[in-house]
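Colleague: I have a structure here, written as structure tokens, and I will follow up with some questions on it.
The values are calculated or read from the model by the stated rules, or taken from the named source; none is laboratory data. Just so you know, these numbers come straight off a predicted model, no measurement behind them. Reconstructed Cβ throughout: ideal geometry from the backbone, glycine too, with neighbour counts over all protein chains shown. Accessible surface areas use protein heavy atoms only, side chains included; no ligands, DNA or RNA. Shrake-Rupley method; radii C 1.70, N 1.55, O 1.52, S 1.80 Å.
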Amino acid sequence: MKRTLVLLLAAASFPALADRYVVPKHAAFEEECASCHMAYPPQMLDAHSWQHLMNNLPKHFGTDASLDEKRRVAIADFLGKNAGGRKTGVTADAKGNPLIRITETERFVRKHRQIADAVWQRPAIKSKANCTACHTTAAEGNYSDDNVRIPR
Ligand code: HEC
Ligand code: HEC
């Protein structure tokens, strides 16, 4: 009886854990990298991708996100240390070049393949990078489907 309960609990909790990310605390990262968009979980790109992104901040998706060198190095170091992991998968393109968009990684594409183009373009969403539009608990690193609400 006791053993059955443990097995049941293990089976029930595993899928939920698969979509949770620990959001490590880092003051400079939160100040500098969550002003234009949410602070994306460092685990969603591998270290090579973060390095590439952090080396190109003056040309950051059409904006200038440059930082003084001390802050840039501190944040790059933080991202590198927390990068990747079991759930991340490959974050390079077919030629092996590092992707700097989470939304272009194989895992993201696979998890969102059922969402039609027209949905991404809705005024309340606008961009795949706008995670919090649909994932109501993204700020806590919780991407569970129980907490997804796609705006109309
Ligand atoms: C001046 C505003 C600004 C700042 C500051 C900024 N970003 Fe961005 N970032 C953007 C814009 C704009 C995009 C593109 C968003 C889109 O496509 O909807 C973006 C996209 C991204 C993406 C890719 C999202 C995707 O499509 O998967 C990552 C990763 C990212 N930023 C990380 C960072 C990090 C790390 C920092 C801090 C060093 C940072 N950003 C600071 C404006 C900014
Ligand atoms: C248009 C709404 C929408 C946006 C915007 C969006 N997602 Fe999702 N996301 C979904 C839906 C729907 C699912 C699938 C839920 C399911 O499994 O049925 C999903 C699934 C996921 C999963 C998988 C959860 C699991 O069950 O393993 C992750 C991780 C995730 N999204 C991360 C992100 C990140 C990171 C961003 C922003 C860069 C983002 N999503 C943007 C709607 C969205």
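Colleague: Name, by its number, the condition in (1) free of Cβ contacts under 8 Å to residues at least 60 places away in the same chain; (2) open to solvent by less than 50 Å² (accessible area, probe 1.4 Å) that does not hold for Gly141.
Modeller: Here Gly141 clears every test but (1).
Colleague: Next question, about the same structure. Of Pro151, Pro123, which residue is surrounded by fewer than 12 Cβ atoms within 10 Å (Cβ to Cβ), away from ligand 2 (no atom under 11 Å from the Cβ) and either modelled with pLDDT of 95 or more or within 17 Å of the chain's Cα centre (by Cα) (or both)?
Modeller: Pro123
Colleague: So, in segment 42-81, of the ones that are near ligand 1 (Cβ under 10 Å from one of its atoms) and part of a loop (DSSP other than H, G, I, E, B), which residue ends up nearest to Arg107 (Cα to Cα)?
Modeller: Leu45
Colleague: I've got another one for you. Which of (1) modelled with pLDDT under 95; (2) within 12 Å of ligand 2 (Cβ to nearest atom) is the odd one out, the single condition Val90 does not satisfy?
Modeller: (2)
Colleague: May I pose another question? Filtering segment 93-114 down to residues that are over 16 Å from the mean Cα position of the chain (by Cα) and away from ligand 1 (no atom under 14 Å from the Cβ), which residue is nearest to Phe61 (Cα to Cα)? Spell out the reasoning first.
Modeller: Within segment 93-114, the first condition is being over 16 Å from the mean Cα position of the chain (by Cα), and the residues that meet it are 93-97, 113-114.
Okay, now just the ones that are also away from ligand 1 (no atom under 14 Å from the Cβ), so 94-97, 113-114.
Values: Ala94: 21, Lys95: 21, Gly96: 20, Asn97: 17, Arg113: 23, Gln114: 26 Å.
Once the filter is applied, the top-ranked residue is Asn97.
Colleague: Could you tell me whether any residue of segment 53-70 is surrounded by 14 or more Cβ atoms within 10 Å (Cβ to Cβ), touching a strand residue (DSSP E or B) at 6+ places or on another chain (Cβ under 9 Å) and in contact (Cβ under 8 Å) with a residue 12 or more places away in the chain?
Modeller: yes
Colleague: I'm trying to understand the selection: among the residues of segment 88-106, which are farther than 9 Å from Asp46 by Cα and open to solvent by 50 Å² or more (accessible area, probe 1.4 Å)?
Modeller: Selection gives Asp93, Ala94, Lys95, Asn97, Ile100, Arg101, Glu104, Glu106.
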